[in-house]
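Below: the structure, in structure tokens.
The values are calculated or read from the model by the stated rules, or taken from the named source; none is laboratory data. Everything quoted here is computed from the prediction, not taken from an experiment. Here the Cβ positions follow ideal geometry from the backbone for every residue, glycine too, while neighbour counts run over all protein chains shown.
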Amino acid sequence: MQPYFFPYIGYWQLINAVDVFVVFDNIQYTKNGWFNRNYCLYNGKKRVFSINLLKDNRFLNVNQRFLSQEYKRSKIISMFQNAYRKAPMKREVFKVIEESINNPANNLFDYIYHSIMAVCKYLEISTKIVVSSTIDIDHSLRSEEKIIAICNKLQADTYINSIGGVDLYSKNNFRCKKIDLRFLLSKPIVYRQFNDEFVENLSILDIMMFNSKETINSMLDEYELIEPTMKIDDFMVKQNSALFNELLLFYEKNAATFVLNLNEQTKDLFAYVSKLKQNATIFEAYYDNVIVGIVAIYLNNHIEKIGFITSVVVAVEHQGKGIAKTLLKSAIDVAVLDNFMKIKLKVCRNNLKAISLYKNLGFKEPSCEGEMELDLQQIRESIE
């Protein structure tokens with residue numbers, strides 16, 4: 001996790017929830033991030049407090065940045081004194097604030113790390129905290145690969161991140177390494193501040209100022225561990241790789257959504273799948289080595305150069321994840337490479353969701369018979 005200066009309670013919930021908390025020092029500092037700033041309550045409103053930094057190369061890591069001489073420790077302490085002079089827990093909490101802010105370290109990471117340890121001590125959080133650069137891995141790795149390497153080195157079987165990182169990681173990539181991926185989602189936490197309307201999403205210092213340690217310890221458990229939803233990156237797309245029995249089983253399992261689209265001549269699934277296997281180009285989406293989506297296209301009309309998409313089926317539990325769109329794009333790409341001029345398909349005119357998908361890919365409005373057409377020449381010209 002990135003090092004933050006007195007961050008919100010979700011950060012401390014995460015530290016408290018895990019066996020080992022890794023705080024990154026060899027991570028790039030970002031000016032618009034929350035490394036060196038946060039919000040406190042001041043006269044009933046949010047107010048930013050921050051650490052002034054020495055101007056330097058914006059590509060440096062956090063442990064390569066330093067505090068500016070313009071950073072006046074006494075000034076920020078005075079600001080907190082004015083902001084929370086009537087807070088019920090001021091006396092106890094101010095010891096933590098003064099200890100953290102008056103720390104003589106000028107290195108940004110060292111300074112923030114000291115404040116993290118001071119708050120953990122106050123809240124009696126005993127989780128082991130490890131600095132990322134001390135872990136013996138290839139530190140040139142980035143993002144997800146680096147996290148997985150750290151998990152492997154620490155022999156972790158579960159990785160928990162804050163909910164803000166839910167779009168950064170693939171569940172499938174972690175699962176392949178036998179690591180369970182979870183995200184911590186804080187529940188809404190409301191407490192009495194002064195006599196004003198409650199102001200949310202403030203620094204942990206605000207919670208500490210208005211609540212006892214016992215109350216905060218209860219708040220640390222107010223979260224849910226969320227399992228990430230599947231993303232298209234978690235699926236494997238293959239072409240003409242499925243065995244006949246795999247295809248037949250897939251269509252049988254999804255007959256409720258598929259049979260309605262079959263015409264009278266092809267309601268025999270065995271015969272239909274036989275025809276696909278023999279004549280169609282089939283694109284399959286796999287998850288856990290099981291087919292969860294299929295797009296089949298006939299590319300046999302080499303005279304008129306017109307392809308026909310005969311099947312677009314995604315398992316119900318995996319719909320809405322972009323699988324159909326990805327498979328359709330694969331089919332379109334192959335048709336373009338084979339110099340086909342058009343692709344046609346038929347759709348029920350009341351299937352607005354499917355029509356919207358096809359139009360998004362460039363198909364024209366459906367005819368009265370539900371036929372839609374895609375001009376591949378326009379796609380080919382745009383590529384050239």
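Is it the case that some residue within segment 94-111 is within 16 Å of TYR11 (Cβ to Cβ) and not β-branched (Val, Ile, Thr)? Yes, segment 94-111 contains at least one residue that is within 16 Å of TYR11 (Cβ to Cβ) and not β-branched (Val, Ile, Thr). Looking only at segment 85-110, residues that are under 36 Å from the mean Cα position of the chain (by Cα) and touching a residue at least 60 places away in the same chain (Cβ under 8 Å) come to 6 in all.
Residue check: TYR42 meets all listed conditions (1) crowded, with 18+ Cβ neighbours inside 10 Å; (2) under 30 Å from THR215 (Cβ atoms) but one, namely (1). Of all residues in segment 324-344, which are surrounded by 22 or more Cβ atoms within 10 Å (Cβ to Cβ), touching a helix residue (DSSP H, G or I) at 6+ places or on another chain (Cβ under 9 Å) and closer than 15 Å to GLN239 by Cα? Of everything in segment 324-344, those that are surrounded by 22 or more Cβ atoms within 10 Å (Cβ to Cβ), touching a helix residue (DSSP H, G or I) at 6+ places or on another chain (Cβ under 9 Å) and closer than 15 Å to GLN239 by Cα turn out to be ALA324, LEU328, ILE332, ALA335.
Just checking, how many residues over segment 159-178 are assigned to a loop (DSSP other than H, G, I, E, B) and closer than 21 Å to GLN2 by Cα? Here the count works out to 5. Scanning segment 50-71 for residues that are under 19 Å from ASN102 (Cα atoms), charged (D, E, K, R) and either out of contact with any helix residue (DSSP H, G or I) (no Cβ under 9 Å at 6 or more places or on another chain) or at pLDDT below 95 (or both) yields one hit, GLU70. CYS348 fulfils the conditions (1) surrounded by fewer than 18 Cβ atoms within 10 Å (Cβ to Cβ); (2) among the hydrophobic types (A, V, I, L, M, F, W, C); (3) in contact with a Pro (Cβ under 7 Å, 6 or more places away or on another chain) except for a single criterion, (3).
Out of ILE137, ILE163, one residue alone is among the hydrophobic types (A, V, I, L, M, F, W, C), modelled with pLDDT of 95 or more and at negative phi. It is ILE137. Beta carbons closer than 6 Å, at least 6 apart along the sequence or on distinct chains, pair a first residue in segment 55-83 that is assigned by TED's automatic domain parsing to the domain that holds SER140 and in contact (Cβ under 8 Å) with a residue 12 or more places away in the chain with a second that is aliphatic (A, V, I, L, M) and part of a strand (DSSP E or B) for ARG65/LEU53; SER68/LEU53.
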